[in-house]
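Reading through the C-alpha cells given below for one structure.
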Amino acid sequence: MMETAKALGLGLAGLALGSTVFLVSGKEALAEASGPDAWRVVDVAPGDTLNARMGPGTDYDVIGEFAHDARGLQQVTCVPLVPPGLFFEMSEAERAALPPRWCLMENEDYSTRGWVAQRYLAEDSAVIDEEAADQAPDPTQEAERLVQRLYRDHLESLSGNMTSPLAPSRADQFFTAPLADRIANEGLQADPLFDAQDSDITDLSIALDEDRPMFRGLITVNADFRNFGEQRRAVVRLRYEDGAPRVIRIEHEKWAFE
C-alpha cells in the first residue's frame, strides 16, 4: 500500500489548486483556466494499490483503494486550498512550507471514493468527452496543452510532488524520441524549461505563438514567466511523432535544448 505523502513544496507546483489546474488557452494566466476532466494514478508499482482514506492524511483509516493504473478518476476537492492569486504572491519558501496536499477522488462508477496523496495523481489526457471525440483535434491546441502539462508537471516535481517529466521514465510522453533518448542516456546539465539552477517562478503563461503558431509542420509555443522578477521567455518547438505532438527543441536567449 502506498503511504507516502511528501510536503507540498510546489516551486510553482500544486498547480491543481482547489479544482483549478494551471492550464491556459491564449494569453491568460495559467491560474485562470479550468482543470482536467479526469485524473490517473501515477508512481504506484504494478501489483500495488493507492490507498483511499477517510480524510486527508495517513492518520485516517483506509476505506478503499485505487489500482496502480487507475484512470478516469474524478477530483472532488483538494486541501490545502490556496487561491491562485494568493499562490502567485507567495515566496518559494512559503510554498515549500505548505502542508502535504491531499485530494478527494472517486472513480467513474462511484464505487470507490476517498482521500489520496496528490503526488500520486496526474492529468488523464486520454479521457475526453464524447463531443470532443466527434471533432478533429486541432494540432496546434494539442501542442499547446502538451507544453502546459510539461511545465505544470515539472514545477510540481521540483519539490518531490510527482515524478518529473524530465525523468527518463516520462520523457517520451513529452519529447521526440531523440530528445527522450538523450535525457535517458546523457542526463541534463541545466534546466531546459527555465534555464536556471534556482527558480522563483511567477506570472507563468503558456500560449501558441501569435505570429506563426505553425509553419511547415513545426508548431511554436511560448512560455513566458518571471524568475526572481526577471522577465524570461522559452520558445518551445514541437512536431508530430506517431500521431502526437512532441517537443523537438526549447530555445532560450543564449542556448537551446535540442
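The values are calculated or read from the model by the stated rules, or taken from the named source; none is laboratory data. Worth saying up front: this structure is predicted, and the values here are computed from it rather than measured. Methodologically, a virtual Cβ is constructed for each residue, glycine included, from the backbone with ideal geometry; neighbour enumeration extends over all protein chains shown.
To keep it simple, each residue is scored yes or no on (1) surrounded by fewer than 19 Cβ atoms within 10 Å (Cβ to Cβ); (2) acidic (Asp, Glu); (3) over 20 Å from ALA171 (Cα atoms).
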{"site": "ILE201", "(1), (2), (3)": "no, no, yes"}
{"site": "VAL221", "(1), (2), (3)": "no, no, no"}
{"site": "ARG239", "(1), (2), (3)": "yes, no, no"}
{"site": "ALA244", "(1), (2), (3)": "yes, no, no"}
{"site": "LYS254", "(1), (2), (3)": "yes, no, yes"}
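With respect to TRP115, is the statement that it is buried (at least 18 other Cβ atoms within 10 Å of the Cβ), at pLDDT 90 or above, over 18 Å from the mean Cα position of the chain (by Cα) and of a type in the set (A, V, I, L, M, F, W, C) true?
Judged against the criteria, TRP115 is a match.
For ARG226, are the conditions met, namely being part of a strand (DSSP E or B), buried (at least 17 other Cβ atoms within 10 Å of the Cβ), more than 17 Å from the chain's Cα centre (by Cα) and on the phi < 0 side of the Ramachandran plot?
So ARG226 fails the test.
When ALA184 is tested against the conditions (1) modelled with pLDDT under 90; (2) loosely packed, with under 14 Cβ neighbours inside 10 Å; (3) in a strand (DSSP E or B), the lone failure is (3). Within the bounds of the stretch 208-219, is there any residue that is under 30 Å from ALA117 (Cβ atoms) and of a type in the set (Val, Ile, Thr)? No. Could you please let me know if THR140 is over 18 Å from ASP69 (Cα atoms), hydroxyl-bearing (Ser, Thr, Tyr) and modelled with pLDDT of 85 or more? Yes, satisfied. Within the stretch 154-180, the set of residues being at pLDDT below 85 and acidic (Asp, Glu) comprises GLU156 only.
Step by step: first the residues of the stretch 142-161, then only those that are polar (S, T, N, Q) and more than 25 Å from GLU253 (Cα to Cα), then the one that is surrounded by the most Cβ atoms within 10 Å (Cβ to Cβ). Which residue is that?
ASN161
Within the bounds of the stretch 162-171, is there any residue that is assigned to a helix (DSSP H, G or I) and either under 13 Å from the mean Cα position of the chain (by Cα) or buried (at least 17 other Cβ atoms within 10 Å of the Cβ) (or both)? Yes, the stretch 162-171 contains at least one residue that is assigned to a helix (DSSP H, G or I) and either under 13 Å from the mean Cα position of the chain (by Cα) or buried (at least 17 other Cβ atoms within 10 Å of the Cβ) (or both).
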